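No lab work stands behind these numbers, since they all come straight from the coordinates. Source: prediction; values computed, not measured. With ideal geometry, Cβ positions are generated from the backbone for all residues, glycine too; neighbour counts draw on all protein chains shown.
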Amino acid sequence: MTLCLVPHVSAQLGGSPNPDINLDCPDATVEIEVGPGDSRVGSVICTLENPSMHNEDVNITVEDIGLNVAYPGSVSVSSNSEQTFTISWSTEFNADVESFTSSIEATVTSVNGLPWATGNTKSDSVKVEIIPFGRPWIDMEGQELSLNYGEQSTLNFSMRNTGNAEDTLSLVMENQSGLEEFGFTFEYSDTSAKLGVNESKEIILTITASEGIADGSFVVILQVDSQLADESGNPWVVEDNFRLQSIAEEESFLATSVDNVPAWAITTAMVLAGLAVVAVIVVAVKLGMSRSGGTTTEFDFEDDLGDDFDLEDEEFDDFGLDDL
């Protein structure tokens with residue numbers, strides 16, 4: 001016959017004469033954040049209460065839920081007192097969103113230093129949750145667009161959900177209004193998309209340079225943000241850029257020059273052009289007359305032109321060029 005003896009303890013200590021243990025873990029969910037820079041660890045502090053008059057050693061077991069877990073295997077609790085212990089769960093970066101319930105058990109294994117075979121086990125449970133996080137990304141290798149006036153071109157890139165849950169990503173261009181005032185217009189195939197984990201959305205950006213656009217060169221910044229990150233209170237924005245150049249229409253030399261020529265110079269040029277035409281006519285007439293007479297006539301351009309077209313004649317003064 002085997003007897004289970006309870007170690008003698010003075011009644012003055014108070015508490016139950018029978019070894020016992022109580023276990024209490026908080027009802028709050030243990031949250032594990034797994035985004036960039038997060039610890040990826042969630043912890044809970046549970047309490048052991050020894051209502052007996054004996055010093056006890058209590059064995060702790062935690063149910064395996066597929067996460068890494070750390071906790072003390074055994075806790076000593078003095079008579080009629082409490083003792084806390086910590087359980088910590090951890091996982092890898094970017095782990096999928098998931099909820100677990102883990103059972104915790106506390107079993108008395110020794111009383112006053114002597115093995116206690118009858119057990120006395122209490123249990124509780126803890127809910128563990130991997131928290132969703134939003135992380136947008138933009139895939140755009142260094143690109144450069146050069147547009148002539150009136151020309152149109154497209155830019156292809158994609159935005160991607162690198163978080164651990166479905167998310168809505170939104171696209172904006174920094175200083176778009178200023179670029180539009182300069183003479184560009186922009187048309188997007190999409191400016192937002194709801195994407196699953198690791199899904200991406202291709203974006204086509206059509207850019208047009210106006211007919212009257214000036215020469216210019218710009219670094220255009222595109223930004224993508226996450227609705228999930230905004231809602232969690234941890235906004236996260238990523239950006240990339242491309243170079244955009246505009247080439248204006250070249251003005252003709254004539255159009256540029258006439259605008260800068262004074263009126264008197266234009267008048268002078270017109271008069272001289274008219275005189276040149278008259279001189280050509282005079283020469284042609286004299287040559288015709290000499291040939292019709294059947295004789296060879298020597299023609300002194302200097303003397304004949306001087307007689308027929310005297311630039312010092314008073315009639316020339318009628319043009320009023322002396323006053324210019």
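Given 0.36 nm per residue, what is the gain on full extension from Val97 to Asp20 after removing their alpha carbon distance, in nm? The partial results should precede the final answer.
On the way: separation 77, 0.36 × 77 = 27.72 nm, distance 3.85 nm.
Gain on stretching Val97 to Asp20: 23.9 nm.
Taking max minus min of the alpha-carbon positions on each principal axis, the range 136-247 gives extents of 46, 23, 20 Å, largest first.
By the count of neighbouring beta-carbon atoms within 10 Å, fewest first, Tyr149, Tyr188 end up ordered Tyr188, Tyr149.
Taking amide H atoms as placed 1.01 Å from N in the peptide plane, the amide H of Glu98 lies under 5 Å from those of Ile130, each 5 or more residues away in sequence or on another chain. Measuring from centroid to centroid over Cα atoms, what is the spacing of the range 83-102 and the range 19-53 in Å? Answer, in whole Å: 10.
Which of Asp225, Asp167 comes first, and how do the rest follow, when ranked by fewest Cβ neighbours within 10 Å?
Values: Asp225 21, Asp167 24.
Fewest to most other Cβ atoms nearby, the residues stand as Asp225, Asp167.
Please list the equivalent ellipsoid semi-axes of the range 79-123, computed as the square roots of five times the alpha-carbon gyration tensor eigenvalues, in descending order and whole angstrom. Display every interim value, and only then the final one.
Values: eigenvalues 223, 30, 19 Å².
Three semi-axes, in Å: 33, 12, 10.
Ranked by how many other Cβ atoms sit within 10 Å of their own Cβ, fewest first, the residues Ser39, Ser52 fall in the order Ser39, Ser52.
Considering only DSSP beta bridges where both residues belong to the range 1-158, give the percentage that are antiparallel (nearest 5). Present the calculation step by step, with values, prior to reporting the outcome.
Numbers: 40 of 45 bridges.
Beta bridges within the range 1-158, antiparallel portion: roughly 90 percent.
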